[in-house]
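**Q** This is the structure I want to talk about, given as structure tokens.
The values are calculated or read from the model by the stated rules, or taken from the named source; none is laboratory data. Everything quoted here is computed from the prediction, not taken from an experiment. In this analysis, Cβ positions are derived from the backbone assuming ideal geometry, glycine residues included, and neighbour counts consider all displayed protein chains. For accessibility, only protein heavy atoms count, side chains too; no ligands or nucleic acids. Shrake-Rupley method; radii C 1.70, N 1.55, O 1.52, S 1.80 Å.
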Amino acid sequence: MAKATSWSDPPTKTLRAHGVKVRKFDTSATPGFKGNKRAGEELLAARALVLSDLQEKLYANGRSGDQRSVLLVLQGMDTAGKGGIVRHVIGSVDPQGVDHAAFGVPTEVEKKHHYLWRIRKELPRAGQIGVFDRSHYEDVLVVRVHELVAPEVWEKRYAEINKFERKLVDEGTTIIKVAMFVSLEEQKKRLMQRLERADKYWKFNPADIDERAYWPAYQAAYQDMLDRTDTEYAPWYTLPCDHKWYARLAVTELLIDALQSLKLDWPPAKFDIDEQKRRLLES
């Protein structure tokens, strides 16, 4: 089985967004990983067990009064693989310890509120791994590209989001933000697969083809997002997603690193163990 040494450098180092140029980003790269697809999939299976153990400790501590949580933000164009991350990475842990939210077009009710209103409602509870499939960053990406609000409206949101995330971190949430990038050619391939398989029709949205024409505008919007909201307390990681196996492995490692940084242990018993053993034997 592949070993952790298949990483020459950890994703926490190789995927950090410092200085990344979106227009030149290599979506087919596998930064820091020395092996091939098979080695990556073998390592993913092994690391999934590590992730599961750490997540159970987080959940157990949350049940015991620890208020800390982890929030994984997955932000990317359609077909980048957000759903695959949820299924193959988050799917390896106990679903009881996961708070998952997918943010699509705001509902009529949501439009009546501040754009962070619906985000606050879905924040992870104590002891949970929260997963955002898309996020509050839609409000500096889609609304900008499609001119849904005036520039002076979305412009002020960068600072507002930084302040929002700073408060979350101060309250005990570890934030991992992953910007997922797929090439236009790979996206075309994945969209065509959805059109060629009856079991994938439900995933296809004709609007996804229309969005391809806006990719230069999205690149500019993503660049500003990274430049203006990448912070030490809530860092962005830029993830090449043409190779699904690599993307899933890298996110697994990012989660493991975040959970290990919490220095979790099993919570101690809040009862007299010997007394409960005696009672059980006598029952």
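**Q** Restricting the first residue to the stretch 131-147 and requiring it to be more than 13 Å from Ile161 (Cα to Cα) and basic (Lys, Arg), which pairs with a second residue that is open to solvent by less than 20 Å² (accessible area, probe 1.4 Å) and not in a loop (DSSP other than H, G, I, E, B) meet a Cβ separation below 6 Å and a spacing of at least six or different chains?
**A** Every condition considered, the pairs that remain are Arg144/Ala221.
**Q** Looking at Arg23, Arg38 in this structure, which one is out of contact with any Phe, Trp or Tyr (no Cβ under 6 Å at 6 or more places or on another chain), in contact (Cβ under 8 Å) with a residue 40 or more places away in the chain and part of a helix (DSSP H, G or I)? So that I can check it myself, show each step before the final result.
**A** Numbers: Arg38 fails: in contact (Cβ under 8 Å) with a residue 40 or more places away in the chain.
Residue meeting the stated conditions: Arg23.
**Q** Still on this structure, I have one more. Going residue by residue through the stretch 101-109, is there one that turns out to be buried (at least 16 other Cβ atoms within 10 Å of the Cβ) and on the phi > 0 side of the Ramachandran plot?
**A** Step one: filter the stretch 101-109 for residues buried (at least 16 other Cβ atoms within 10 Å of the Cβ), giving 101, 103, 106.
The next check asks that each one be on the phi > 0 side of the Ramachandran plot; those that pass are none.
So far as the stretch 101-109 goes, no, none of its residues is buried (at least 16 other Cβ atoms within 10 Å of the Cβ) and on the phi > 0 side of the Ramachandran plot.
**Q** Every residue in the stretch 144-175 that is open to solvent by 30 Å² or more (accessible area, probe 1.4 Å) and outside any helix (DSSP H, G or I), please.
**A** Result: His146, Glu147, Leu148, Val149, Ala150, Lys156, Glu171, Thr174.
**Q** Further question: Do you know which residues across the stretch 79-92 are crowded, with 21+ Cβ neighbours inside 10 Å and either part of a helix (DSSP H, G or I) or β-branched (Val, Ile, Thr) (or both)?
**A** If we filter the stretch 79-92 for residues that are crowded, with 21+ Cβ neighbours inside 10 Å, which is where we start, we get 79-82, 85, 89-90.
Across the stretch 79-92, the qualifying residues are Thr79, Lys82, Ile85, Val89, Ile90.
**Q** Right, another one. Return yes or no: is Gly76 crowded, with 17+ Cβ neighbours inside 10 Å, more than 14 Å from the chain's Cα centre (by Cα), of a type in the set (Gly, Ala, Ser) and modelled with pLDDT of 95 or more? Reasoning before the result, please.
**A** Numbers: crowded, with 17+ Cβ neighbours inside 10 Å: yes; more than 14 Å from the chain's Cα centre (by Cα): no; of a type in the set (Gly, Ala, Ser): yes; modelled with pLDDT of 95 or more: yes.
Considered against the rule, which asks whether it is crowded, with 17+ Cβ neighbours inside 10 Å, more than 14 Å from the chain's Cα centre (by Cα), of a type in the set (Gly, Ala, Ser) and modelled with pLDDT of 95 or more, Gly76 comes out as no.
**Q** Output the qualifying pairs, or none if there are none: Cβ atoms under 6 angstrom, residues six or more apart or on different chains, first residue in the stretch 157-178 and more than 28 Å from Arg248 (Cα to Cα), second residue aliphatic (A, V, I, L, M).
**A** Arg157/Val140
Conditions tested, residue by residue: (1) at pLDDT 95 or above; (2) of a type in the set (D, E, K, R); (3) in contact with a Lys or Arg (Cβ under 9 Å, 6 or more places away or on another chain); (4) more than 30 Å from Leu264 (Cα to Cα).
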residue: Arg157; (1), (2), (3), (4): yes, yes, no, yes
residue: Gln187; (1), (2), (3), (4): yes, no, yes, yes
residue: Arg190; (1), (2), (3), (4): yes, yes, no, yes
residue: Lys203; (1), (2), (3), (4): no, yes, yes, yes
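**Q** Run Ala207 past the list (1) of a type in the set (A, V, I, L, M, F, W, C); (2) open to solvent by less than 70 Å² (accessible area, probe 1.4 Å); (3) in contact with an Asp or Glu (Cβ under 8 Å, 6 or more places away or on another chain) and report the number of the one that doesn't hold.
**A** Evaluating Ala207 over (1) of a type in the set (A, V, I, L, M, F, W, C); (2) open to solvent by less than 70 Å² (accessible area, probe 1.4 Å); (3) in contact with an Asp or Glu (Cβ under 8 Å, 6 or more places away or on another chain) leaves (3) as the failure.
Residues checked against (1) under 22 Å from the mean Cα position of the chain (by Cα); (2) under 27 Å from Phe25 (Cα atoms):
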| residue | (1), (2) |
| --- | --- |
| Ala150 | no, no |
| Lys156 | no, yes |
| Asn162 | yes, yes |
| Glu171 | yes, no |
| Lys200 | no, no |
| Pro206 | no, yes |
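**Q** Of (1) closer than 27 Å to Thr252 by Cα; (2) without any contact (Cβ under 8 Å) to a residue 12 or more places away in the chain; (3) not polar (S, T, N, Q), Ala150 satisfies all except one. Which?
**A** (1)
**Q** Continuing with the same structure: Across the stretch 61-73, which residue is surrounded by the most Cβ atoms within 10 Å (Cβ to Cβ) among those that are assigned to a strand (DSSP E or B) and not β-branched (Val, Ile, Thr)?
**A** Across the stretch 61-73, the extreme among qualifying residues is Leu72.
**Q** Additional query: Looking at Asp99 and the list (1) under 15 Å from the mean Cα position of the chain (by Cα); (2) without any contact (Cβ under 8 Å) to a residue 60 or more places away in the chain; (3) not in a strand (DSSP E or B), which single condition is not satisfied?
**A** If we test Asp99 against (1) under 15 Å from the mean Cα position of the chain (by Cα); (2) without any contact (Cβ under 8 Å) to a residue 60 or more places away in the chain; (3) not in a strand (DSSP E or B), just (3) comes out false.
**Q** Now for a different question. Test Thr231 against the criterion of being touching a strand residue (DSSP E or B) at 6+ places or on another chain (Cβ under 7 Å), open to solvent by less than 40 Å² (accessible area, probe 1.4 Å), polar (S, T, N, Q) and closer than 20 Å to Ser135 by Cα, and give yes or no.
**A** Values: touching a strand residue (DSSP E or B) at 6+ places or on another chain (Cβ under 7 Å): no; open to solvent by less than 40 Å² (accessible area, probe 1.4 Å): yes; polar (S, T, N, Q): yes; closer than 20 Å to Ser135 by Cα: yes.
Taking the combined requirement at face value, the residue does not satisfy it.
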